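The values are calculated or read from the model by the stated rules, or taken from the named source; none is laboratory data. Here the structure is a predicted model, which means the values were calculated and not measured. Methodologically, a virtual Cβ is constructed for each residue, glycine included, from the backbone with ideal geometry; neighbour enumeration extends over all protein chains shown.
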Amino acid sequence: MLPIPAPPLGEILATIHHDELEDSANEGDDTAQITNSQYLTSYNWLNGPNRQILVPGEPPAWTPLSEPTQLREDSGEYYRDPNAARYPTYPLGPMIEALLTEKPGFPLSDVDIIGCGSTLGNLLRFARGQAQSFRMLVEVVGNTVFFIRRENSPTETIPDVRGYGHTFPEAYTTWSTSVQRSESHQRVVSYEFADMKCLVRFEADGFLPDLIPDLETQKDHAPVTRDITAEDLLLSIQEATISRAHSATTDAKSEKLNILKKGRHIPQCGVFDLKTRSVKRIEVDTLEEELPRLWVRQIPNFVLAYHTFGKFKDIRVQDVRENLKHWEESQQPALVKFASLLRMVVCFARSAESGKIEIERAEGEKVLNLREPGGVVNSVLPPVLTSKWDVETPPDEVS
């Protein structure tokens, strides 16, 4: 199969050189650390033809096998961005829907940044001088700046998947009966960083029941269906990106996000991230490599499983809160640059006439290009959600 071509690049509006971040690191900036971190909401994507999420859903529970068992190697197709593959028109829409389902009065206009672990992680890697290429769309709604992943197609898959990163969790974690047919558990955390309030969505691999002994089953609720209006649908059709792998949806029924209030709130203290490695890599400090992504997502537990030809005899379940604290302290020069980078991008996006830009970083380059969005792209949210950012003028300020 031929590779899916990348979307065209738009005109360069500005550039940010890595060396420019060096200067701000010497301006006596306060320590760049995450504060006031809290879990806000969550949802599960369900298998099936309809776009359905469970709110708050529930991650799968850690249920290790009593004896090591030979597992089959990963096979099949896995999406680069499961959220975009499930809801390509508005991939960040479900996180806002889930939030408003549980917290209808949440002050969205107070949020500075909304993104996912991937987009913030890419910007952090640039600030730390790492070389990976990436692209992302940036859009301002009200005063809130959204960071949206941009792959070649919403349904682009990861080529040549190998190892046991999917079959291991299938064997060692279990979905509860109330969330059967779940494909993934997505969580939204909020925290303050660089004097800005951030909302970050990420996928959790599971939770450790032993850390939550008093967890009680919460009652299931009736489904909540939010329809996309004709106006929203027309906008979606006009803006939809069309590629070989994905055609814009024109069926109003399929544009509907079905929300079922079901599941349990699992506190963040019980959530874990999981990685599998060959025993041949046991000398590599995998935890140290993963600390930046755990920090962005504020995940306090890490499961590292080593296998010998698919049989896992060395599984380490670790509380990494102290590791994250020490990493944040040791990475202050890089995190100050990260804070500076976020402020620069947010300021530039808010000043852009259209409120939309694209960030592009080529492999190995020490510069970020801030561009006009290339090609035809969707708005980040449908009008029914962007209207939630409209702020009414208080009565005493009306002239």
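Check whether at least one residue in the stretch 74-86 is in contact with a helix residue (DSSP H, G or I) (Cβ under 7 Å, 6 or more places away or on another chain), part of a loop (DSSP other than H, G, I, E, B) and under 24 Å from Pro169 (Cα atoms), and report yes or no. Yes: one or more hits. Of all residue pairs spaced 6 or more apart or on separate chains, those with beta-carbon atoms under 7 Å, a first member in the stretch 174-186 that is in contact (Cβ under 8 Å) with a residue 24 or more places away in the chain and within 19 Å of Leu208 (Cβ to Cβ) and a second member that is in a strand (DSSP E or B) and among the acidic types (Asp, Glu) are Ser184/Glu203; His185/Glu203; Gln186/Glu203. If I filter the stretch 277-306 down to residues being of a type outside the set (A, V, I, L, M, F, W, C) and assigned to a loop (DSSP other than H, G, I, E, B), which single residue comes out as nearest to the chain's Cα centre (by Cα)? Top of the filtered list is Gln298. For Asn369, the requirement of being over 21 Å from the mean Cα position of the chain (by Cα) and in a helix (DSSP H, G or I) is not met. Going through (1) within 18 Å of the chain's Cα centre (by Cα); (2) within 18 Å of Leu92 (Cα to Cα) one by one, Arg125 falls short only on (2).
On the stretch given as the stretch 320-349, residues that are within 26 Å of Val303 (Cα to Cα) and of a type in the set (Lys, Arg) total 2.
Are any residues in the stretch 104-147 among the aromatic types (Phe, Trp, Tyr) and either within 18 Å of Gly355 (Cα to Cα) or surrounded by 18 or more Cβ atoms within 10 Å (Cβ to Cβ) (or both), and if so, which ones? Explain how you work it out, then say what you get.
Here is the first cut: in the stretch 104-147, the ones among the aromatic types (Phe, Trp, Tyr) are 106, 126, 134, 146-147.
Phe126, Phe134, Phe146, Phe147 - these are the residues of the stretch 104-147 that are among the aromatic types (Phe, Trp, Tyr) and either within 18 Å of Gly355 (Cα to Cα) or surrounded by 18 or more Cβ atoms within 10 Å (Cβ to Cβ) (or both).
Scanning the stretch 98-129 for residues that are farther than 22 Å from Glu151 by Cα and of a type in the set (D, E, K, R) gives Glu102, Lys103, Asp110, Asp112, Arg128.
Among the residues of the stretch 148-172, what is the count of those that are among the β-branched types (Val, Ile, Thr), part of a loop (DSSP other than H, G, I, E, B) and surrounded by 16 or more Cβ atoms within 10 Å (Cβ to Cβ)? Before you say what the answer is, go through the steps one by one.
Here is the first cut: in the stretch 148-172, the ones among the β-branched types (Val, Ile, Thr) are 148, 155, 157-158, 161, 167.
Pick out the ones that are also part of a loop (DSSP other than H, G, I, E, B) and you get 155, 158, 161.
Within this subset, residues satisfying the condition of being surrounded by 16 or more Cβ atoms within 10 Å (Cβ to Cβ) are 155.
Looking only at that region, the number is 1.
Answer yes or no as to whether Glu58 is in contact with a Lys or Arg (Cβ under 6 Å, 6 or more places away or on another chain), surrounded by 18 or more Cβ atoms within 10 Å (Cβ to Cβ) and not hydrophobic (A, V, I, L, M, F, W, C). Outline the logic, then answer.
Working: in contact with a Lys or Arg (Cβ under 6 Å, 6 or more places away or on another chain): yes; surrounded by 18 or more Cβ atoms within 10 Å (Cβ to Cβ): yes; not hydrophobic (A, V, I, L, M, F, W, C): yes.
It is true that Glu58 is in contact with a Lys or Arg (Cβ under 6 Å, 6 or more places away or on another chain), surrounded by 18 or more Cβ atoms within 10 Å (Cβ to Cβ) and not hydrophobic (A, V, I, L, M, F, W, C).
None of Tyr43, Tyr87, Tyr39 is modelled with pLDDT under 90 and under 16 Å from the mean Cα position of the chain (by Cα) except Tyr87.
Please go through the stretch 235-276 and pick out each residue that is modelled with pLDDT of 50 or more, acidic (Asp, Glu) and in a helix (DSSP H, G or I). Residue satisfying the conditions is Glu255 alone.
Any chance you could count how many residues in the stretch 203-226 are within 30 Å of Val140 (Cα to Cα), at pLDDT 95 or above and more than 21 Å from the chain's Cα centre (by Cα)?
Initial filter on the stretch 203-226 (within 30 Å of Val140 (Cα to Cα)): 203-204, 224-226.
Filter once more, so that each one left must be at pLDDT 95 or above: 203-204.
Still in the list and also more than 21 Å from the chain's Cα centre (by Cα): none.
Selection size over the stretch 203-226: 0.
Kindly indicate whether Ile96 is part of a helix (DSSP H, G or I) and in contact (Cβ under 8 Å) with a residue 12 or more places away in the chain. Break it down into steps so the answer makes sense when it comes.
Working: part of a helix (DSSP H, G or I): yes; in contact (Cβ under 8 Å) with a residue 12 or more places away in the chain: yes.
Yes: the conditions hold for Ile96.
Can you tell me which residues in the stretch 173-202 are among the aromatic types (Phe, Trp, Tyr) and either at pLDDT below 95 or surrounded by fewer than 20 Cβ atoms within 10 Å (Cβ to Cβ) (or both)? Reasoning before the result, please.
The first filter runs over the stretch 173-202 and keeps only residues among the aromatic types (Phe, Trp, Tyr), leaving 175, 191, 193, 202.
Those that are among the aromatic types (Phe, Trp, Tyr) and either at pLDDT below 95 or surrounded by fewer than 20 Cβ atoms within 10 Å (Cβ to Cβ) (or both): Trp175, Tyr191.
Checking Asn44, Asn36 one by one, the residue that is exposed (fewer than 15 other Cβ atoms within 10 Å of the Cβ) and part of a strand (DSSP E or B) is Asn36 and no other. More than 24 Å from the chain's Cα centre (by Cα) and not in a strand (DSSP E or B) - does that describe any residue in the stretch 335-349? No, there is no match, as no residue in the stretch 335-349 is more than 24 Å from the chain's Cα centre (by Cα) and not in a strand (DSSP E or B).
Take the conditions (1) farther than 30 Å from Pro169 by Cα; (2) at pLDDT 95 or above; (3) buried (at least 18 other Cβ atoms within 10 Å of the Cβ); Ala352 misses just one of them, which is (3).
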